[in-house]
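**Student:** What follows is a structure written as structure tokens; I'll ask about it next.
Coordinate-derived values only; no laboratory data. What you see is a predicted model; the values in this text were computed from it and never measured. Heads up, the Cβs are rebuilt from the backbone with ideal geometry, glycines too, and the neighbour counts pull from every protein chain shown.
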């Protein structure tokens, strides 16, 4: 990798690490808009940790593999091939680690090489980078192409006397190169589950211990099918209303009341990404390169406005069906297939000042909710 390319890669990792740390800071604030009256902030945190782990793995990986590509003209995130390579390496990490000397032995060898050869031990440095990479990736907490669902909340709807679950899962879209987090609130009318979890007065049965989070859907009879459904219905090209409708059709016992999709990106980094010439031009004027970035994300939501009851006839029967609300008065919401949506932008104070000074802040941010990082604080709704 030539010097210019190497410097650009270093700058990219510096800025994306800074952006994800900023998002973590924002999510850690209990007063942030994603925490008020919702579990969205809490749900995103473990997926953000996975994304940070993937970034750290890629950074170690370029120490011994020169090939690394990002989606410069679109999402600003690493291309899908990199995501697949991490997943493949994760599966072979243990075997490959066995063939590399321990870290201490490598350090001794490097020191010895420097003393004897009076040169930098590049080959040994690459081995060390590979060892660090494999150790980290072996832990398995990376942002995989698909992250299996887990149940993170259980409660009872006293009106319907059904238990409901909040289930989350993750996906890295290969076409748009965007990491996404899904969360769904689903009622379960399965007789066995209702009998087991719901008391006569419409409360959650206190005698049943549920060690949350639970891997997969809480209903064991549907868990495997639900995993399969989520893996096949998590593409960015599918609108949230399409996913919710498919879920409603495929599982007569499950009643999706709300589905949220959090789409991370695009990410803009001065001198690296080409996804918006105007933004990139202004960001390039920011003095410190670690502050020359802008991270955006979108929270999409579709909810059920009513449930059409099941019909049982002599010859045929129709299961209960949800009626999802789409805000047809809002063209963007109708295009997205959602009841509502929120666009967010996170930007360092230096970069925000540059955009503001250029008179571009209003044009760039438009309908985004803006969050500005200043030191260890995030100021929202600028």
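**Student:** Would you mind telling me which residue in 135, 74, 108 has the biggest mean-square fluctuation in a Gaussian network model of the chain, where springs connect alpha carbons within a distance under 10 angstrom?
**Tutor:** 108
**Student:** To continue, here is another question. From the P(r) of the range 38-138, can you give the percent of Cα pairs sitting at distances over 24 Å?
**Tutor:** Counting pairs separated by more than 24 Å, the tail of P(r) holds 37 percent.
**Student:** With the Cα gyration tensor of the range 177-309 giving a ≥ b ≥ c as the square roots of its eigenvalues, does the rule (a/c under 1.5 for rounded; else a/b larger than b/c for prolate; else oblate) give rounded, prolate or oblate?
**Tutor:** prolate
**Student:** Got a sec? How would 122, 42 order by Cβ neighbour count within 10 Å, fewest to most?
**Tutor:** Going from sparsest to densest Cβ surroundings: 122, 42.
**Student:** Does anyone have the angle between helix 240-250 and the longest principal axis of the chain? Alpha-carbon axes, 0 to 90°, nearest 10?
**Tutor:** Here the helix axis deviates by roughly 50 degrees.
**Student:** Report the extension gain between residue 381 and residue 120 in nm, rounded to one decimal, defined as 0.36 nm multiplied by the number of residues separating them, less their alpha carbon distance.
**Tutor:** Full extension from residue 381 to residue 120 adds 89.0 nm.
**Student:** In what order do 106, 264, 115 fall by count of nearby beta-carbon atoms within 10 Å, going from fewest to most?
**Tutor:** Least to most surrounded, the residues fall as 115, 106, 264.
**Student:** Separate question: First measure r as the distance between the Cβ atoms of residue 274 and residue 367, then evaluate 1/(1 + (r/R0)^6) with R0 = 25 Å and state the FRET efficiency to the nearest 0.05.
**Tutor:** 0.60
**Student:** What are the principal axis extents of the Cα atoms in the chain, in Å, biggest first?
**Tutor:** Each principal axis gives a Cα extent; for the chain these are 88, 56, 36 Å.
**Student:** May I pose another question? Taking the alpha-carbon set of the range 255-360, what are its Rg and Dmax in Å?
**Tutor:** For the range 255-360, the Cα radius of gyration and maximum Cα-Cα distance read 21.6, 75 Å.
**Student:** What do you get for the angle between helix 3-27 and the principal long axis of the chain? Use alpha-carbon atoms, 0 to 90 degrees, nearest ten.
**Tutor:** Orientation of helix 3-27: about 40 degrees from the principal axis.
**Student:** Please work out the FRET efficiency for the pair residue 374 and residue 237, using the Cβ-Cβ distance as r and a Förster radius of 41 Å; give the result to the nearest 0.05.
**Tutor:** With a Förster radius of 41 Å, E is 0.65.
**Student:** Taking the chain as the reference, fit the longest principal axis to its C-alpha atoms, fit the long axis of helix 103-117 to the helix C-alpha atoms, and give the angle between the two in degrees, 0 to 90, nearest 10.
**Tutor:** With rounding to tens, the tilt is 20 degrees.
**Student:** In what order do 128, 110 fall by count of nearby beta-carbon atoms within 10 Å, going from fewest to most?
**Tutor:** Sorted ascending by nearby Cβ count, the order is 110, 128.
**Student:** Still on this model: Three principal axis extents, largest first, for the C-alpha atoms of the range 139-255, in Å?
**Tutor:** Its Cα atoms span 49, 35, 20 Å along the three principal axes.
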